[in-house]
There are 2 protein chains.
Amino acid sequence: MSEQNSTTAYDALKSRFQRLSAIGGAQAMLSWDRSTMMPEGGSAARAEQQATLSLIAHEIMTAPEVTDLLASAHESAEALPAWDRANLNEMSRVHAHATATPTDLVSKLSHQRSSTEMIWRKARAANDFAMLAPELEKLLGLVREQAAAKADALGLSPYDALLDSYDPDRRSADIDVLFAELESFLPDLLQQVMEKQASAPKPLPVTGPFPVALQEKLGREVMSILGFDFNHGRLDVSLHPFTGGVPDDSRITTRYDESDFIESLMAVIHETGHSLYERGLPPEWRNQPVGRSRGMTIHESQSLLFEMQAGRSEEFIRHLAPRLKSLFGGEGEAWSADNLLRHYRQVGPSLIRVSADEVTYPLHVILRYRLERAMIAGDLALADLPGAWNEGMNELLGITPPDDASGCMQDIHWPSGSFGYFPTYTLGALTAAQLFQAAGKARKDLGNRLERGDFSELVSWVREQVHGVGSSLTPDEIIISATGEPLGTAAFKRHIKARYLDR
Amino acid sequence: MSEQNSTTAYDALKSRFQRLSAIGGAQAMLSWDRSTMMPEGGSAARAEQQATLSLIAHEIMTAPEVTDLLASAHESAEALPAWDRANLNEMSRVHAHATATPTDLVSKLSHQRSSTEMIWRKARAANDFAMLAPELEKLLGLVREQAAAKADALGLSPYDALLDSYDPDRRSADIDVLFAELESFLPDLLQQVMEKQASAPKPLPVTGPFPVALQEKLGREVMSILGFDFNHGRLDVSLHPFTGGVPDDSRITTRYDESDFIESLMAVIHETGHSLYERGLPPEWRNQPVGRSRGMTIHESQSLLFEMQAGRSEEFIRHLAPRLKSLFGGEGEAWSADNLLRHYRQVGPSLIRVSADEVTYPLHVILRYRLERAMIAGDLALADLPGAWNEGMNELLGITPPDDASGCMQDIHWPSGSFGYFPTYTLGALTAAQLFQAAGKARKDLGNRLERGDFSELVSWVREQVHGVGSSLTPDEIIISATGEPLGTAAFKRHIKARYLDR
């Protein structure tokens, strides 16, 4: 085939993917609206709108001619500039994922997800696993079918095929190594930290109320410090904080509790990290697959880089403390940076993942990773899930949930069919530690800058090393190029020791 | 063709139009967001999303097989139930409009509209018609092309073909008669009203400030009184008030001026009228053409029924007055119902259509109707528009604009390519008067109910007579069935006399 033809094929693919990107952008705005603005009574109409756009996008992606266009474009891919070549590869990757699942299974999954999620909300509230089990069983069956279909199409194990859709090129063999390392030192480290904290003075209470309007003002101030551009985004309120929208119109949310400002503030910093990533993606590739973010591990590394690494650093808390005190009209030693730091750094085993500290958090993830692999492999029956969960909690964290609501039913992921997602939280935490330490070496004076409330050097470094790369490299390539080594646990271990033991 | 086949054709059309309805709903939410929530920097991405959805909808509507399906379905339409038959007719109507304009002209129009609107904003601010003229000339050329193409396809005159897309089955011959009647009595009536008002006491000033938060509270209270269901809609703020969203999630907006609460409150009532119409459309036909609102005249009749007829009625102002006084902490005679009524009923010639009173408003519309017909017919060159405008203002209202910004450049309609829209404002006002008087006859005690803040009878009547009809009847059929006679000017004349002269 002549070069002319393959350029034409690639151009046709670019048009098609640009259309998909615009539909995806519309979908993102509808989802954001659903979680922030939509009145309850709009649900059915919105579901219809979203299902229709999904179906149209699916049709555009899986139309038979796309396979031919891809084959034709690949024939003389060497003639393409590097970014276009990477773009073509990424087109093939997302196309392979989209076409691997038969259309009728896509539709069955979508319906079963909705009904299982609905039942889950009720079952969790009623603390009744038996109520959830039959629907979850059906959903798990469909997810296993999907995993098998994807495994076939992608030449991976079923679990890895699921994992690959959240974190491209990540394999469970690599995760096994990393998680085994964490398991080897984390429980011990946790003991040491807890002993140290037990002998230290308890944090003085920082008491509210902290009015929502002031918390929102604080959130916006901190977003501006981090480099959030309000001409290209918004801050709103939702039940669970999230980052939505599109790179040029990035919508983050938080929630407010008038008796505690810390959680909302940290959520704002976390979501700003996600948002900065989206905003920093290569502008000239906005509407193409290669211009998109590189999976959930890298995404989570950006939120945690800003929240856990920089945001909870001693330097930045020292910068924030006087502002918090003046904003909320606080008085006395409770509002000192040292006392606030203590609040930000309480460590100990707990039942609920989303409120766990960064030392125990990986243990929550390891438990879920073990269990979901076993479920996908068919080695763990759903009926045995609650028992296996409680045993695992006891083994890893030394505590046993009093009920399934605060045990194996606490997360929405499985009831919404997301198997293979959990590991990215901890892989993201490891990546964040490794990136932050590399940034500290690459750009001198980072700590002093944070103490002055200056994030510009950190942002410019991650823009260059991570954001601007888009999907032109694999996650591992991004990490190696930015930090000089593959993803490991050493930086995370150093971080935990430095923050909780050496201080 | 067998009945089986035509049922199949009709069912296929229903699926297709359901998809179009969902895309339209998504579009409506994106437009609402654009005007209420979107940061400026999101414009380009949003434009891409909206253009893509428009293009997809256009492709679905104009695909060659639709013509065959329609022909096939019509062959045995008699076998269909009445609403399905009406639905099929409506499908044909919107399809005829969509296919009448060649695709490349649709695209040219869309681009020329954007650029002309952009120039118009600058030209109006700079009061420079010469800056606008070249772009408006190009746009007018394209609109005339479109009008000619539609005229051909629909068997109408070019202007009527444009009119038909805003107000189905409305013909300029009918408008000529109605507007001639208005011209025959309105200037005279205006003189009498002004003389009467000149000899009456001037309204006492109602002074603010009126805090935005209180105005919003008032708006929500009044919306509830009118029957707005906040489980199926929202109130927000935008530069110009509008009603957006979908029937099950109706989003209205207003704007606030802290020195005047009347304008915002009336905008809220006006938009609530539009919204109640959308909410009241037949639920079982939500996603089909026959379930949609019946054009802009009927739509405007609903907003004006609530704003101008019921909302500014003496009875309802008497109901509102004590609440306004207590809400804003007002004191004295200025806050009496009589004084507030005087504020709501100041009449006199003015330059700007959107702030005109209901007596002079039709004269503004008649001027625009004359001029746009002449432009579409090619009888008025753009260079002569400012002069023709000023002459017309002088003839109809006895005043001459000092400049084109407050003259022929004041409205966005022409720069955005909307020719044939203006008449629907006044046709809507005539319809509103006729409907309100019919409602008063059909449901006794309406006035007393309004004085008690009870809109339930009025709402139930328009639900039955107008909203629930959807597009199963033509606008004229709706008016005749609801009021017993075709649209005329008598009810409007009675209304003006009763409100401004007989009182």
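Figures for the structure shown
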| read-out | value |
| --- | --- |
| Selection from region A:372-387 of residues that are surrounded by 14 or more Cβ atoms within 10 Å (Cβ to Cβ) and more than 19 Å from A:Ala405 (Cα to Cα) | A:Arg373, A:Ala374, A:Met375, A:Ile376, A:Leu380 |
| Given (1) over 27 Å from B:Ala149 (Cα atoms); (2) more than 14 Å from every other protein chain (Cβ to nearest Cβ); (3) surrounded by 17 or more Cβ atoms within 10 Å (Cβ to Cβ), index of the condition B:Trp83 fails | (3) |
| Residue in region A:63-70 that is within 24 Å of B:Ile60 (Cα to Cα), facing another protein chain (nearest Cβ under 10 Å), surrounded by fewer than 17 Cβ atoms within 10 Å (Cβ to Cβ) and more than 26 Å from the chain's Cα centre (by Cα) present | no |
| Yes/no for B:Ser172 being free of Cβ contacts under 8 Å to residues at least 60 places away in the same chain, under 24 Å from the mean Cα position of the chain (by Cα) and over 16 Å from B:Val359 (Cβ atoms) | no |
| Check on A:Ile225, surrounded by 14 or more Cβ atoms within 10 Å (Cβ to Cβ), out of contact with any Lys or Arg (no Cβ under 7 Å at 6 or more places or on another chain) and either of a type in the set (Lys, Arg) or modelled with pLDDT under 95 (or both) | no |
| Evaluation of B:Ala151 against (1) in contact (Cβ under 8 Å) with a residue 24 or more places away in the chain; (2) surrounded by 14 or more Cβ atoms within 10 Å (Cβ to Cβ); (3) assigned to a helix (DSSP H, G or I) (one fails), failing number | (1) |
| Helices (runs of 4 or more DSSP H) enclosed by region A:254-371 - at least 3 residues per element that are β-branched (Val, Ile, Thr) | A:262-280 |
| Selected residue [in contact with a helix residue (DSSP H, G or I) (Cβ under 9 Å, 6 or more places away or on another chain), in the same structural domain as B:Glu464 (by TED's automatic domain parsing) and surrounded by fewer than 18 Cβ atoms within 10 Å (Cβ to Cβ)] from B:Glu315, B:Glu278, B:Glu300, B:Glu307 | B:Glu315 |
| Residue in region B:311-323 that is more than 14 Å from chain A (Cβ to nearest Cβ), within 18 Å of B:Phe261 (Cα to Cα), among the hydrophobic types (A, V, I, L, M, F, W, C) and in contact (Cβ under 8 Å) with a residue 60 or more places away in the chain present | yes |
| Selection status of B:Arg323, surrounded by fewer than 18 Cβ atoms within 10 Å (Cβ to Cβ), under 20 Å from B:Ile269 (Cβ atoms) and more than 21 Å from the chain's Cα centre (by Cα) | yes |
| Inter-residue pairs, beta-carbon under 8 Å, first within 16 Å of A:Leu304 (Cβ to Cβ) and in region A:477-494, second at pLDDT 95 or above and among the aromatic types (Phe, Trp, Tyr), 6+ apart | A:Thr489/A:Phe185; A:Ala491/A:Phe436; A:Lys493/A:Phe185 |
| The listed residue being out of contact with any Asp or Glu (no Cβ under 8 Å at 6 or more places or on another chain), outside any helix (DSSP H, G or I) and exposed (fewer than 15 other Cβ atoms within 10 Å of the Cβ), out of A:Pro168, A:Pro205, A:Pro134 | A:Pro205 |
| Top-ranked residue of region A:391-425 - restricted to ones that are out of contact with any Asp or Glu (no Cβ under 9 Å at 6 or more places or on another chain) and not in a loop (DSSP other than H, G, I, E, B), ranked as nearest to A:Val359 (Cα to Cα) | A:Leu397 |
| Members of region B:24-38 found to be facing chain A (nearest Cβ under 7 Å) and within 14 Å of B:Arg292 (Cα to Cα), listed by number | B:Gly25 |
| Residue tally, condition within 17 Å of the chain's Cα centre (by Cα), buried (at least 22 other Cβ atoms within 10 Å of the Cβ) and either within 14 Å of chain B (Cβ to nearest Cβ) or of a type in the set (Lys, Arg) (or both), over region A:228-264 | 7 |
| Any hit, region A:7-23, residues being crowded, with 18+ Cβ neighbours inside 10 Å, farther than 26 Å from A:Asp249 by Cα and more than 10 Å from chain B (Cβ to nearest Cβ) | yes |
| Subset of region A:460-475 [under 28 Å from A:Lys497 (Cβ atoms) and either crowded, with 22+ Cβ neighbours inside 10 Å or touching a strand residue (DSSP E or B) at 6+ places or on another chain (Cβ under 7 Å) (or both)] | A:Val462, A:Val466, A:Pro475 |
| Boolean, B:Lys217 is closer than 21 Å to B:Phe455 by Cα and in contact with a Leu (Cβ under 8 Å, 6 or more places away or on another chain) | yes |
| Positions within region B:39-49 being closer than 28 Å to B:Gln18 by Cβ and either facing another protein chain (nearest Cβ under 8 Å) or at pLDDT 95 or above (or both), in sequence order | B:Ala45, B:Arg46, B:Glu48, B:Gln49 |
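Yes/no matrix, rows are residues, columns are (1) within 14 Å of chain B (Cβ to nearest Cβ); (2) in a loop (DSSP other than H, G, I, E, B); (3) within 30 Å of A:Thr99 (Cα to Cα):
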residue: A:Ala147; (1), (2), (3): no, no, yes
residue: A:Leu156; (1), (2), (3): no, yes, yes
residue: A:Ser184; (1), (2), (3): no, no, no
residue: A:Glu195; (1), (2), (3): no, no, no
residue: A:Pro201; (1), (2), (3): no, yes, no
residue: A:Leu218; (1), (2), (3): no, no, no
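So that you can scan it fast, the table gives a plain yes or no per residue for (1) modelled with pLDDT of 95 or more; (2) of a type in the set (S, T, N, Q):
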residue	(1), (2)
B:Ala200	no, no
B:Glu216	yes, no
B:Thr243	yes, yes
B:Asp249	yes, no
B:Gln288	yes, yes
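The values are calculated or read from the model by the stated rules, or taken from the named source; none is laboratory data. None of these values were measured; they are calculated from a predicted model. Backbone-built Cβ (ideal geometry, glycine too); neighbour counts: all protein chains shown.
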